[in-house]
1. Name the one entry in 392, 418 that is assigned by TED's automatic domain parsing to the domain that holds residue 299 and either free of Cβ contacts under 8 Å to residues at least 40 places away in the same chain or assigned to a strand (DSSP E or B) (or both).
2. Working carefully through the options 262, 243, 253, find the one that is in the same structural domain as residue 390 (by TED's automatic domain parsing), part of a loop (DSSP other than H, G, I, E, B) and surrounded by 17 or more Cβ atoms within 10 Å (Cβ to Cβ).
3. Only one residue in 276, 322, 290 is buried (at least 22 other Cβ atoms within 10 Å of the Cβ), among the aliphatic types (A, V, I, L, M) and under 23 Å from residue 234 (Cβ atoms), so which one is that?
4. Any idea which of (1) surrounded by fewer than 20 Cβ atoms within 10 Å (Cβ to Cβ); (2) under 28 Å from the mean Cα position of the chain (by Cα); (3) over 15 Å from residue 117 (Cα atoms) is the one residue 170 doesn't satisfy?
5. Sort out which residues of the stretch 474-502 are within 23 Å of residue 287 (Cα to Cα), in contact with a Lys or Arg (Cβ under 7 Å, 6 or more places away or on another chain) and outside any helix (DSSP H, G or I), and write them in order of number.
6. Hey, could you check the stretch 295-341 for residues that are in a loop (DSSP other than H, G, I, E, B) and β-branched (Val, Ile, Thr) and say which is farthest from the chain's Cα centre (by Cα)?
7. Of the residues 358, 324, only one is in contact with a Gly (Cβ under 6 Å, 6 or more places away or on another chain) and either farther than 24 Å from residue 257 by Cβ or outside the structural domain of residue 395 (by TED's automatic domain parsing) (or both); which?
8. Name the single residue, out of those in the stretch 173-191 being closer than 15 Å to residue 118 by Cα and in contact (Cβ under 8 Å) with a residue 60 or more places away in the chain, that is surrounded by the most Cβ atoms within 10 Å (Cβ to Cβ).
Amino acid sequence: MAKDRERRMYVGVIFNYAAELKLFLSALLLLCALATILQFLPSRFTLSISDLRSCSATQDSPSSSSSSSSLSATLHSSIPPPSPHPSTSLPTDQLLPNGILRRVFRPYGAAAYNFITMGAYRGGVDNFAIVGLASKPLHVFGHPTYQCQWIPLLHPSNPINASAFKILPDWGYGRVYTVVVVNCTFPHPVNADNQGGKLLLYASTSGGGDRNFNLTDTIEVLTESPGGMNASLFTSSPKYDYLYCGSSLYGNLSPQRVREWLAYHIRLFGVRSHFVIHDAGGVHEEVLQVLKPWMELGYVTLQDIREEERFDGYYHNQFMVVNDCLHRYKFMAKWMFFFDIDEFIYVPPKSTIKSVLDSLSDYAQFTIEQMPMNSKTCLTEDAGRTHRKWGFEKLVYKDVKRGIRRDRKYAVQPRRVFATGVHMSENVAGKTTHKTEGKIKYFHYHGTIAHRREPCRSLSNLTQLTLDDTPFLLDTTMRLVAPAVKRFELKMIGSRLQATRQ
């Protein structure tokens, strides 16, 4: 009896949902049929958005078509005509009367962008700098050109043209993209009445990539609103004495090493200093917690530049990043420093950073000698306590191998620089000196910033030792500074960072 009731209930359920079941089975059959048909289509068959637009365009009504035409005519009358593009018709191979087969080549898509802007900045009342990326093959094998134009807000029909020249500051290290700094110099001050306007950059391929076409992109790179131009900025004293422009930070960085680096350099450079940090993926939450106290005090600016990872340039596009920093803060600092966060600037005890830089004020740029430090060996006396010591406090063995050309870092007076690099600038107006030994140097703890573990892998009580055929000498210069740096951090931000992990 119970079995008959269950059978009737099952049949009733099937009967009540018969329509839905038929619909489901029909859809399933249709999908199977489509899958079968697709197997026989050629591999080159594609359906693009442009195909869909073409289909939808044929369905438009005459009235909507006429209104679209009038709107398009209105828009096109106010802007320059677009650059010619390759014909959309598909030419075919031709057999010539003399029996020769003439082959054709059909281009599709684009391998790289013509220009990618990061920033555009005033360099004075008649000068601008535009910082960005461009196709490296275009610049290596072609001859792209740039033109600048100022469009006054009140008189857009009277634009002002400027000469422009490009600087490629990355020493050929670019990959798909290379760094370009475009300098625009106008014949006279623009926006002198402070009524506003905009700066246009015309980026032309000049036949690069396809000799039959000169494609030009019109890029609005900067807009000044009425009253937005502060001409006194170019002649007034800068806000900061010293400004740090950091390279792109990436990877799983050690919060403790960042903590030590900041406390040390803020103490060194003093109250009239500022640090610009560029996050290319390295400022995770624990590093951010180390930066926050100093951000709140106004010493640090953090910029999220992670989107630059879309564009394949050299070393996380660090050449573009430092050039953007140079021009963005050009009139805000007397001196601008370029070095990494595993490097520590040092001046002798009887000197200050001010006295050293005052002695170098006749130079637009000076470079700084490197002191490479062993990043794994610490003192035996620190055994059992290495976790309590700061990195630059416990890593005390200096590489003294001779005959090696070591990288140098540098500082510039930014108002005298047109473009810059990672280890020095080749575009300065003024003198450069490399003779700074005895005045200033930097200790380099290579790789320690990228390892989130205790750096001391071995211990030694020797004053000299050799590891992997490299001689090292005990150097406690930075070790002796550490206690004062710790006291400074505690005074400035309290104990907020005492629990920071490696």
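The values are calculated or read from the model by the stated rules, or taken from the named source; none is laboratory data. These figures come from a predicted structure and were not determined experimentally. Quick reminder, even Gly has a Cβ in these numbers, built from the backbone with ideal geometry, and neighbours come from all protein chains shown.
1. 418
2. Criteria check complete, one pass: 253.
3. 322
4. (1)
5. 497, 500, 502
6. Quick first cut of the stretch 295-341, residues in a loop (DSSP other than H, G, I, E, B) only: 297-299, 305, 311-317, 329-332, 339-341.
Filter once more, keeping what is β-branched (Val, Ile, Thr): 305, 341.
On the way: 305: 6, 341: 17 Å.
Checking each candidate, the answer is 341.
7. None of the other options fit; the residue is 324.
8. First, the residues of the stretch 173-191 that are closer than 15 Å to residue 118 by Cα: 177-183.
Remaining after also requiring in contact (Cβ under 8 Å) with a residue 60 or more places away in the chain: 177-181, 183.
Details: 177: 26, 178: 25, 179: 30, 180: 28, 181: 24, 183: 21.
Among them, the one singled out is 179.
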